[in-house]
Structures are given as structure tokens and as C-alpha cells.
1. Would you check if Leu113 is open to solvent by 70 Å² or more (accessible area, probe 1.4 Å) and either more than 17 Å from Ala17 (Cα to Cα) or modelled with pLDDT under 95 (or both)?
2. State whether the residues of region 162-176 include one that is surrounded by fewer than 18 Cβ atoms within 10 Å (Cβ to Cβ) and at pLDDT 90 or above.
3. If Ile116 satisfies every condition in (1) under 14 Å from the mean Cα position of the chain (by Cα); (2) among the β-branched types (Val, Ile, Thr); (3) within 21 Å of Asp11 (Cβ to Cβ) but one, which is the exception?
4. List every residue pair whose Cβ atoms lie under 9 Å apart, where the two residues are 6 or more positions apart in sequence or sit on different chains, the first residue falls within region 156-177 and is part of a loop (DSSP other than H, G, I, E, B), and the second residue, located anywhere, is surrounded by 19 or more Cβ atoms within 10 Å (Cβ to Cβ) and at pLDDT below 90.
5. Quick test of your reading of the structure: Ile116 fulfils all but one of (1) outside any loop (DSSP other than H, G, I, E, B); (2) touching an Asp or Glu at 6+ places or on another chain (Cβ under 8 Å). Name the failing condition by number.
6. How many residues does region 23-40 contain that are open to solvent by 40 Å² or more (accessible area, probe 1.4 Å), in contact (Cβ under 8 Å) with a residue 24 or more places away in the chain and more than 17 Å from Phe157 (Cα to Cα)?
7. What number of residues within region 53-102 satisfy the criterion of being open to solvent by 80 Å² or more (accessible area, probe 1.4 Å), touching a helix residue (DSSP H, G or I) at 6+ places or on another chain (Cβ under 7 Å) and among the β-branched types (Val, Ile, Thr)?
Amino acid sequence: MAGDPYKEIKDIIIVGAGPGGSSAAAFLAGQGFSVLLLDKDRFPRDKVCGDALTPKALYWLEVLGCADSVLERTKSCLTQGSVFINDEHVLTSTFPRNTGYPWFSILLKRKDLDHILVHHAVSKGVHFIPDCKAAKLQQESECMSVEAETPEGMRTFRARLVIGADGANSLVSRAIGNQISQGVAAVG
């Protein structure tokens, strides 16, 4: 973690430290890239969604190198499930055992998962700045800059590449011309 994040041009800035952003940060730092991870919240922070981790998610956490930390924090393991429609039992099934994935899923509070993933990224050399809300993204001559609101005021960070992992209302996505969809984007 050499250098001043306000002056140094990093290889990569990732906006958003949820599971996608933290995982990408840890993976890239493990490949030798200098990574700055920004998030608008302080961690651990609660978030409604993502409390169940599928066998595929557990597989990728193992590849990333932090599955043991996740499994140590969970108290719930699901090996089968049933589907009911209009009070009628339709199906009961288990996870297959003849794949490269675990044969179970787990339940873990999203704030615990996020906290584990951010700490894992930092252990790989990622510089994490919480309470840092990205406000503007722009192309400069040699790099990209992210202007962000921090408790100390507006700060500018620079990198050769910026990755947006900042959710449905992504500043990064909008900065490259994408528009927020009108109407229902998800059903909860």
C-alpha cells in the first residue's frame, strides 16, 4: 500500500465495495495491480439482500481464498428445499453432489459477508476508503479521475481504469452513457 491515494495514479479504482467490488479488488490485487476501493458507506454496514449464498457463490469464494472465513461465520446450511404454489407441494429437491460445486448453500447476513470480503481485499493489498461517495468520473490525458465526497470534503482519485460496482444507480455506468431503466427493474 505505497503512496498517497490522493496523489498516486493507481492501476484500478473500484467504486463500490459490495461482494462484486471487493471480490474484484482482491482478485486484481492478488495479480499485482495497485487497487483503490471506494464505498459510500462505513463497514460493516447492513444491506437488505444477498443473505443466501448458493453453491456457485461458495465455489467462487473458495477460488478467491476466503470461503473458510465465510463458513466460520455462518450457522445455517441448506441441503434441500421445497416449492409450494397456492399451498400445494410441487417439488422437493437437493443440491447435486456430482458437480464441482458444494452440495449445500448457506445463510449469512449480508453485512457479515461484505465485511469479510472487504477485509480479505485489504489483506491482499487493496487500499480501502469507506465513507467516500463517488460524485464525478472523467477522462484525463493519462488516466481516469473519480471525484468523491469524503468527510474531509471533495477529493480526487486517479487510476488507469475505473470499475463500477456501485449498484443499480451506478455513477460509473451513467458516466459512460448508460441510462437508468424506466419501470420495474426487479421484483422483491
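1. Judged against the criteria, Leu113 is not a match.
2. There is no residue in region 162-176 that is surrounded by fewer than 18 Cβ atoms within 10 Å (Cβ to Cβ) and at pLDDT 90 or above.
3. Failed condition: (3).
4. What qualifies is Ala165/Val172; Asp166/Val172.
5. Tallying (1) outside any loop (DSSP other than H, G, I, E, B); (2) touching an Asp or Glu at 6+ places or on another chain (Cβ under 8 Å), Ile116 fails exactly one: (2).
6. Adding up the residues that qualify gives 2.
7. 0
The values are calculated or read from the model by the stated rules, or taken from the named source; none is laboratory data. Predicted model, so just to flag it, every value in this text is computed and none were measured. Every residue, glycine as well, gets a Cβ built from its backbone with ideal geometry; the counts of neighbours run over all protein chains shown. These area figures cover heavy atoms from the full protein model, side chains too; ligands, DNA and RNA do not enter into them. Shrake-Rupley method; radii C 1.70, N 1.55, O 1.52, S 1.80 Å.
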